[in-house]
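Below: one structure, written as structure tokens.
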Amino acid sequence: MSQVVSFVGAGPGAPDLLTLRAAERLKKADVLIWTDSLICPAIADLAPADCERIRTSTTTLEDLIPLLIDRHRQGKRVVRLHDGDTALYSAINEQICALSDADIPVEVVPGISAYQAAAAFLSSELTVPGVVQTIVLSRAGGRTGVPEREQLDRLAALRASLCIYLSARHVEEVQATLLEHYPADTPVAIGHRVSWPDQMLTVVPLREMAAVSRERNLIRTTLYVVSPALAGGPQRSRLYSPDHDHLFRPKAQ
């Protein structure tokens, strides 16, 4: 089988939250092209000492694609390492399309997203029976915008568990929009560099979301999880209820 370019999700930051497959690709890399401005250096350190390391924080797509093509054609094991999960705000699509045009095969290795890590650190489930059954992942419009049908006010109207990325610079506007739909005391988890050694993770009422963000000078690598599920409570699912039968626990005759 010919060598592939591996697009690997680094997860939220902690090396031990990498998938086994991601760690294996890193440990065998000949070339590591990594998003150094967003990935914990301890993850890049998993690559071999003699691995060529190329940082992308100042790189454009026009610089990046020739690097990927050149190293692949040299027969190198190339790992393109992205923060978080490859399926979410990773910009892998444009890279994969360019490599496809060059007839270069790729594989994608997913990673844990920050919203999952934040919920885990808070020992929380974001889909609680009778409270909320939907998780929405999105962002404020900002400089790059979002489609009209995905404007934040439309998503907030669902009052689902809403995970908001890339939006700390617009937090006052975000809070004002959310308050049109969620009660002011709705819990909001604010996570900065979730799972990094200097992680900040706190839960505040929605009404304090912007003030706390500004007080802590949060402008990047920040996630907001807005969810009534974070209030906790004794709600019970039907799955383990004794009066709920299913394929593996049929109704008693």
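Among the residues of segment 125-170, how many are touching a strand residue (DSSP E or B) at 6+ places or on another chain (Cβ under 8 Å) and touching a residue at least 24 places away in the same chain (Cβ under 8 Å)? Matching residues across segment 125-170 total 23.
Of all residues in segment 92-118, none satisfies the criterion of being in contact with an Asp or Glu (Cβ under 7 Å, 6 or more places away or on another chain) and within 21 Å of residue 231 (Cβ to Cβ).
Only residues that are in a helix (DSSP H, G or I) and either under 16 Å from the mean Cα position of the chain (by Cα) or crowded, with 18+ Cβ neighbours inside 10 Å (or both) were counted in segment 34-46, giving 2. Hey, does segment 62-71 have a residue that's without any contact (Cβ under 8 Å) to a residue 24 or more places away in the chain, of a type in the set (Lys, Arg) and either surrounded by 19 or more Cβ atoms within 10 Å (Cβ to Cβ) or farther than 30 Å from residue 164 by Cα (or both)? So far as segment 62-71 goes, no, none of its residues is without any contact (Cβ under 8 Å) to a residue 24 or more places away in the chain, of a type in the set (Lys, Arg) and either surrounded by 19 or more Cβ atoms within 10 Å (Cβ to Cβ) or farther than 30 Å from residue 164 by Cα (or both).
What is the residue count in segment 1-27 for residues that are closer than 14 Å to residue 80 by Cβ and not in a strand (DSSP E or B)?
Selection size over segment 1-27: 6.
The condition of being surrounded by fewer than 16 Cβ atoms within 10 Å (Cβ to Cβ) and assigned by TED's automatic domain parsing to the domain that holds residue 207 holds for residue 142. Only one entry of 65, 33, 54, 92 meets the criterion of being of a type outside the set (Gly, Ala, Ser) and within 22 Å of residue 139 (Cβ to Cβ), and that entry is 92. Considering segment 181-196, and only residues there that are surrounded by 19 or more Cβ atoms within 10 Å (Cβ to Cβ) and of a type in the set (A, V, I, L, M, F, W, C), the residue that is farthest from residue 113 (Cα to Cα) turns out to be 188.
Scanning segment 200-218 for residues that are of a type in the set (S, T, N, Q) and part of a loop (DSSP other than H, G, I, E, B) yields a count of 1. Does residue 43 qualify as being within 23 Å of residue 60 (Cβ to Cβ), modelled with pLDDT of 95 or more and of a type in the set (A, V, I, L, M)? Taking the combined requirement at face value, the residue does not satisfy it.
Residues in segment 186-220 that are closer than 19 Å to residue 16 by Cα and of a type in the set (Ser, Thr, Tyr): 195 only.
Screening segment 1-22 for residues that are within 16 Å of residue 34 (Cα to Cα) and among the β-branched types (Val, Ile, Thr) and picking the one that is surrounded by the fewest Cβ atoms within 10 Å (Cβ to Cβ) gives 5. Here is the figure for segment 117-161: residues that are more than 16 Å from residue 182 (Cα to Cα) and part of a strand (DSSP E or B) total 4. Determine whether segment 25-33 contains at least one residue that is closer than 14 Å to residue 195 by Cβ, surrounded by 16 or more Cβ atoms within 10 Å (Cβ to Cβ) and in contact with a helix residue (DSSP H, G or I) (Cβ under 8 Å, 6 or more places away or on another chain). There is no residue in segment 25-33 that is closer than 14 Å to residue 195 by Cβ, surrounded by 16 or more Cβ atoms within 10 Å (Cβ to Cβ) and in contact with a helix residue (DSSP H, G or I) (Cβ under 8 Å, 6 or more places away or on another chain). Taking segment 79-100 as the range and being buried (at least 24 other Cβ atoms within 10 Å of the Cβ) and outside any loop (DSSP other than H, G, I, E, B) as the test, the residues that pass are 79, 80, 81, 82, 84.
The values are calculated or read from the model by the stated rules, or taken from the named source; none is laboratory data. Source: prediction; values computed, not measured. Here the Cβ is made from the backbone with ideal geometry for all residues, glycine too, and neighbour counts use every protein chain on show.
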